[in-house]
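Let me begin by presenting the structure, written as structure tokens, before commenting on it.
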């Protein structure tokens, strides 16, 4: 059998069935042609031997035209089988070959008569051919039965004299035997043909599945090579099973000079300071292979000007039984992002430093002018107070920018009356709240002793109250509350303002972040207040959380742990 998946041309008996289509492989067409010729050659050789024996027994057969015509017809069929282009002949026409062989055998048997009754047995060859073909069993039996009867009855009809029942029935044994042989062979090969058909269907399905798999593999490879993220997939033993072009480039960038195929331990991988090598057992890929899921693990690979920053994430794969089956690791090149952030930090730091000098001078001259307010024209002192207040606000903003860029807010925790700090913060915000038509309620205890930096805590609470007032519509309320619990000091600021969209909640503490709803409003801000507040709480070793619902309001909770008593 071939492995091309096309319909086979022969049965398991070796007999020809149907011709191949023109588009089938050359080897299949050649095999079909060869089997047709060999099948016919077997009959021709046997026919020739029988004819030779007949001529040896009866010399008169050499002059019998009918006998020689049958022999010549068989030789002619063999010649045609050798020259016909079977690849271009419809498959159903192949059955004409054994039918013509029936005619050849019938002519020779009619000429030989009962003296050479064995000539009729040559009909077994076309009988087997037809029975082993793709004909249904009933059709094959009918065709061979009719042809076998024609072989024995044709001479009776052709010769002169009356035809009796006895003359028709006496030679009936040969057709019965040939028809039974046809039935036997057809049934014998039917099951095999069904198995072949099922096997061909299975092979076709497998080929279709394999072709679809290869197409999906090509698509996956193209997609992976198109994305700008490196992707690596490994099996449970840590062997690479997939790696896209971007990851190969990253792997090459981490290779030591002169080493084209380094192991994981040989790769040049450094920490966030870009100089401290990451120990092999702590490297992200090895941890991911060990089953650990990573999320944004940052490392630097390579050295010198070609050094690159990578953000590495991974997810484990598990089989149906829950066993570890491998992991997929992604490598996102964030070099340009980090360089942009570094450039922005440098810019903010430089601008802040440049702002500090003129602001100091402006504040100094404003204070000197205000000290001589009795010499100033009427109303000018008020204008100078406004200028000084805004200059102080700008100075605080510059100091906050410098602190943020430095990465720290210096805090000095000490025993503090938090109740008094919160009361002063609420008092400072009451004027803004009243102007905005917002009610401000302080529910915190009037005296609440805790350990915290009073100045920084006041700054954090002031930021939260300022935001709550700004983003609450007229008629709304802002509530300040505090308590000491098992987790430490908790300060909450709750409002009935515009709220924050769910997709923006994880960004509210990011630098310069302002939600789309706020940006479209008339509320001013630079997006630093919540970042400063979070930094202050973090320096205390605490945490800050937020819950919000658009149109309902928001609640910010600061928790500062307290020392053990």
Out of (1) without any contact (Cβ under 8 Å) to a residue 12 or more places away in the chain; (2) within 23 Å of residue 225 (Cα to Cα); (3) part of a loop (DSSP other than H, G, I, E, B), the one residue 295 does not meet is (1)
Unique residue being assigned by TED's automatic domain parsing to the domain that holds residue 248 and without any contact (Cβ under 8 Å) to a residue 60 or more places away in the chain when the list is 338, 268, 310: 268
Could you tell me how many of the residues in region 259-277 are assigned to a loop (DSSP other than H, G, I, E, B) and closer than 30 Å to residue 221 by Cβ? 7
Hits in region 330-380 - residues which are surrounded by 14 or more Cβ atoms within 10 Å (Cβ to Cβ) and not in a helix (DSSP H, G or I): 330, 331, 332, 333, 334, 376
Testing residue 321 on (1) surrounded by fewer than 16 Cβ atoms within 10 Å (Cβ to Cβ); (2) at pLDDT 85 or above; (3) part of a loop (DSSP other than H, G, I, E, B), one condition comes back false. Which one is that? (2)
Can you tell which of 49, 84, 78 is within 60 Å of the chain's Cα centre (by Cα), under 19 Å from residue 124 (Cα atoms) and modelled with pLDDT of 75 or more? 78
Could you give me the residue pairs with C-beta distances under 6 Å whose first residue belongs to region 175-198 and is not assigned by TED's automatic domain parsing to the domain that holds residue 141, whose second residue is at pLDDT below 75 and part of a helix (DSSP H, G or I) wherever it lies, and which are 6+ apart or on separate chains? none
Within region 81-102, which residues are closer than 27 Å to residue 179 by Cβ, surrounded by fewer than 18 Cβ atoms within 10 Å (Cβ to Cβ) and touching a helix residue (DSSP H, G or I) at 6+ places or on another chain (Cβ under 8 Å)? 99, 100
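The values are calculated or read from the model by the stated rules, or taken from the named source; none is laboratory data. From a predicted model like this one, the values you see are computed outputs, not experimental measurements. No Cβ is skipped: glycine too gets one built from the backbone with ideal geometry, and neighbour counts run over all protein chains shown.
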